[in-house]
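Written below as structure tokens is the structure these notes are about.
The values are calculated or read from the model by the stated rules, or taken from the named source; none is laboratory data. Quick caveat: nothing in here was measured; it's all calculated off a predicted structure. All Cβ positions, glycine included, derive from the backbone under ideal geometry; neighbour counts span all protein chains shown.
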Amino acid sequence: MDGIEFLEKAREINSDVPIIVISGHGNIETAVEAVKKGAFDYISKPPDLNRMLITLRNALDKQTLVTETKVLKKKASRVQEMVGNSAAIKKIKDTIEKVAPTDARVLITGENGVGKELVARWIHEKSNRSTGPMVEVNCAAIPGELIESELFGHEKGSFTSAIKQRIGKFEQANGGTLFLDEIGDMSLGAQAKVLRALQEGKITRVGADKDINVDVRVVAATNKDLLKEVEEKNFRLDLYHRLGVIIVHVPSLNERRDDVPDLVEFYLDRIAAEYGQPKKMIDKDAMELLSNYNWTGNIRELRNVVERLIILSGKTITKEDVNTYVLPK
């Protein structure tokens, strides 16, 4: 085949690889045809070495940008699948399918690291609001005196450090989903305002008199027993009932050990892809040890363990590797 035919065939196999055509028989028509068919550039023989180097550099720069763009798009748009086939996971998936298309508020409970945020993301992804924003707020990470400003926004000059107007998370999530993570750590004052927002669909910025209408679906999550927090006067009972129209409990990894092999294989694939390395195998004895391990950090800990084994083990992860790098001494 000639160069143009090769170009067409190569583009069919992988359209992302930049191809530079160099020919001693070329003319303007050939150059135009080559570029139309996907060539990055066309150079006539004998090539000018300076132009050749510049073309190669530009082609490599473009390739890097294309790769980075694809990675960023995947990170931005991809919602990690819910891995596992245990009865508990099947029940959660079934609940999401039923609840997501509605506007019902959802309260997700479970220990740290079990995947409560993932459940919230899937509720948003499968909802009628999926084209709108999903805004996350970690209530435990924001000081009590700033949580109201974070959620509802503030006007310029409403307090000492309010040097300009700020749009709060409720307004940012308008038309979409607001995910309130670790809501059990929210101050009672902020709870009262969240309750009003849920009841009336209105918020007021700190330092303002005007109400602002908001159309937001609230999904909340907590690792605390909120009814116990209610008894101890740390959480409002009326807010609990407002948030918990649907309650989804995500079990700990120790409660669904049947899912451990699937999760290990999933992270072996995913981390190898992130590192740009071939996937490592794991032998049966090593997998059995991991299945019976006490996962106090749940899925977050499991991912870290798999990454550690990928880095420190040989081509195949063995029982000895698990004993050496995972099990407590």
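Here's the yes/no breakdown for (1) part of a helix (DSSP H, G or I); (2) more than 22 Å from Leu227 (Cα to Cα); (3) among the aliphatic types (A, V, I, L, M):
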| site | (1), (2), (3) |
| --- | --- |
| Ser127 | no, yes, no |
| Ile142 | no, yes, yes |
| Ile163 | no, yes, yes |
| Glu171 | yes, yes, no |
| Gly184 | yes, no, no |
Conditions (1) in contact with a Gly (Cβ under 8 Å, 6 or more places away or on another chain); (2) surrounded by fewer than 15 Cβ atoms within 10 Å (Cβ to Cβ); (3) of a type in the set (Val, Ile, Thr); number of the one not met by Val21 = (2)
At least 2 residues that are under 28 Å from the mean Cα position of the chain (by Cα) and modelled with pLDDT under 80 in each: list the helices (runs of 4 or more DSSP H) lying fully within the stretch 1-81 that qualify.
-> 49-77
Which pairs do you get when a residue that is farther than 19 Å from Arg196 by Cα and assigned by TED's automatic domain parsing to the domain that holds Thr177, found in the stretch 148-159, comes within reach of a residue that is part of a strand (DSSP E or B) and modelled with pLDDT under 90, reach meaning Cβ atoms under 6 angstrom, with the pair 6+ apart or on two chains?
-> Ser158/Val206
Which pairs do you get when a residue that is of a type in the set (Lys, Arg), found in the stretch 273-297, comes within reach of a residue that is outside any loop (DSSP other than H, G, I, E, B), reach meaning Cβ atoms under 7 angstrom, with the pair 6+ apart or on two chains?
-> Lys279/Leu268; Lys279/Asp269; Lys279/Ala272; Lys280/Leu268; Lys280/Ala272; Lys280/Ile310; Lys280/Thr316; Lys280/Ile317
Output the strands (runs of 3 or more DSSP E) that fall wholly within the stretch 190-265 and possess 2 or more residues being buried (at least 21 other Cβ atoms within 10 Å of the Cβ), at pLDDT below 95 and out of contact with any helix residue (DSSP H, G or I) (no Cβ under 6 Å at 6 or more places or on another chain), or say none.
-> none
In the stretch 176-189, is there at least one residue being hydrophobic (A, V, I, L, M, F, W, C), out of contact with any strand residue (DSSP E or B) (no Cβ under 7 Å at 6 or more places or on another chain) and within 27 Å of Thr102 (Cα to Cα)?
-> yes
Do you know which of the residues in the stretch 133-158 that are more than 27 Å from Ile123 (Cβ to Cβ) and exposed (fewer than 13 other Cβ atoms within 10 Å of the Cβ) is modelled with the lowest pLDDT?
-> Glu145
For residues that are touching a residue at least 40 places away in the same chain (Cβ under 8 Å) and not β-branched (Val, Ile, Thr), tally how many sit in the stretch 304-329.
-> 1
Of these, Ser291, Ser313, Ser252, which one is touching a Phe, Trp or Tyr at 6+ places or on another chain (Cβ under 9 Å), under 25 Å from Gly110 (Cβ atoms) and of a type in the set (Ser, Thr, Tyr)?
-> Ser252
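Is it the case, given these coordinates, that Phe179 is assigned by TED's automatic domain parsing to the domain that holds Lys193, closer than 21 Å to Asn112 by Cα and either crowded, with 20+ Cβ neighbours inside 10 Å or aromatic (Phe, Trp, Tyr) (or both)? Spell out the reasoning first.
Numbers: assigned by TED's automatic domain parsing to the domain that holds Lys193: yes; closer than 21 Å to Asn112 by Cα: yes; either crowded, with 20+ Cβ neighbours inside 10 Å or aromatic (Phe, Trp, Tyr) (or both): yes.
Yes: the conditions hold for Phe179.
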Please find, among Ile282, Ile299, Ile311, the residue that is outside the structural domain of Lys93 (by TED's automatic domain parsing) and exposed (fewer than 15 other Cβ atoms within 10 Å of the Cβ).
-> Ile311
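What number of residues within the stretch 285-329 satisfy the criterion of being in a helix (DSSP H, G or I) and either closer than 23 Å to Ala273 by Cα or more than 27 Å from the chain's Cα centre (by Cα) (or both)?
Matching residues across the stretch 285-329 total 28.
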Taking the stretch 176-231 as the region of interest, how many residues are under 22 Å from Ser161 (Cβ atoms) and hydroxyl-bearing (Ser, Thr, Tyr)?
-> 2
